[in-house]
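Written below as structure tokens is the structure these notes are about.
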Amino acid sequence: MTVRVVETIAELRAILRSRRALGSIGLVPTMGALHDGHGRLIETARRRDQTVVVSVFVNPTQFNQAQDYEHYPRTLDADIVVCEAAGVDVVFAPSAQEMYRDGFSTTIAVARVSEGLCGRFRPGHFAGVATVVMKLLQIVQPDRAYFGEKDAQQLAVIDRLVRDLNVPTEIVGVSTVREPDGLALSSRNRRLKQDERRAAPVLFEALQAAAAAVRAGETDPIAVTESAERLIAREPLVRLEYLEVVSVADMQPADRIAGPVRIALAAWLGDVRLIDNIFVDATET
Ligand code: PAF
């Protein structure tokens, strides 16, 4: 079957009206530049839902630097080929004008879970994400929506959003896909220069070292992050923005590690900002 590519909300809704009778609808929201990480989201949706919709929309309201928005890769033709091969039913690729009509005035802010980690360094980012995701959930009305665990804080924000606003969509977190050297797949990786790409795996090495310290019984988050930070400091091309141990549900800093936590980081390599995280459960040592 050929994937349908639609640009308007009205056309998408008309297609979904007839598809809904066939069974469940899965939504994979993306900003395009699809890679194997998105491939895993699509595969997971394909296994569970009768209709799979992939949205491709580089959402301007979640970028807090105009330059980052402008440089974000846009590869719609290639993305459609990927979706076709993966058995996606519909690609929804709206324009910014279609999503944000003149006079658009609504913003959704999810407090607390949005405030630490990336929220501290990217003011307005999660409000942009929450608002566009809410719009996509309203437009598609999917039974399930799929998000990568690499963006763990985003996943936690969306989880909170659908609970708080009684959205009848199940939010499914899908595990991170990595390069053989451990670097988490990201659309931003293609902007790394050769030497930056060579340096980038230190991020996951540091997270693994931190997780190993927790498994070995370290309960002090500062001790855990300091040893990981020392590892990263040995790589001069990497500028660490944050490295923190947080609770899984609400992304608040852990005072003491006694159960499941996420260790999360953001770092700059040149002008590319990468994030990554690892889950570790201190009770399973
Ligand atoms: O993770 C992303 O690609 C984006 O933040 C999302 C969820 C598609 C919203 O624009």
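Quick look at the values:
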item	result
Loop sites in segment 145-202: GluC sites (Glu not before Pro), DSSP, at most 10 other Cβ within 10 Å	none
Rounded FRET efficiency, nearest 0.05, which uses the C-beta distance separating ARG198 from ARG74 and R0 of 25 Å	0.40
Around ARG19: net Lys/Arg minus Asp/Glu count, Cβ-Cβ under 12 Å	+1
Helix-only mean residue ellipticity at 222 nm for the chain, each DSSP H run of n ≥ 4 adding -39500 (n - 2.57), per residue, nearest 500	-11500 deg cm²/dmol
Cα gyration tensor category, rounded, prolate or oblate, for segment 140-285 with a/c compared to 1.5	oblate
Cα convex hull of the chain - mean projected area over all directions, nm²	15.1
Net charge over other residues, Cβ less than 15 angstrom from the Cβ of ASP36 (K, R count +1; D, E count -1)	+1
Assigned charges on the beta-carbon of Lys, Arg, Asp, Glu; the chain dipole about Cα centre (debye)	540
Cα-based equivalent ellipsoid, segment 209-261: semi-axes from gyration tensor eigenvalues, Å	21, 13, 8
Within-12-Å neighbourhood charge of GLU84 [Cβ basis; K, R +1; D, E -1]	-2
Projected label distance in nm at GLU226 and ASP281, using a 7 Å step from Cα toward the beta-carbon	3.0
FRET efficiency estimate (nearest 0.05) - Cβ-Cβ, ARG190 to GLU98, R0 30 angstrom	0.70
Loop sites in segment 35-104: chymotrypsin sites (Phe, Trp or Tyr not before Pro), DSSP, at most 14 other Cβ within 10 Å	PHE104
For segment 1-105, convex hull of alpha carbons as volume per residue, Å³	114
Likely footprinting exposure, LEU41, LEU237, fewest C-beta neighbours within 10 Å first	LEU237, LEU41
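Laboratory data are not the source of any read-out in this text; all were calculated from the coordinates shown. The shown structure was predicted, so the numbers you read here are calculated from the model rather than taken from an experiment. So basically every Cβ, Gly included, is an ideal-geometry build from the backbone, and we count neighbours across all protein chains shown.
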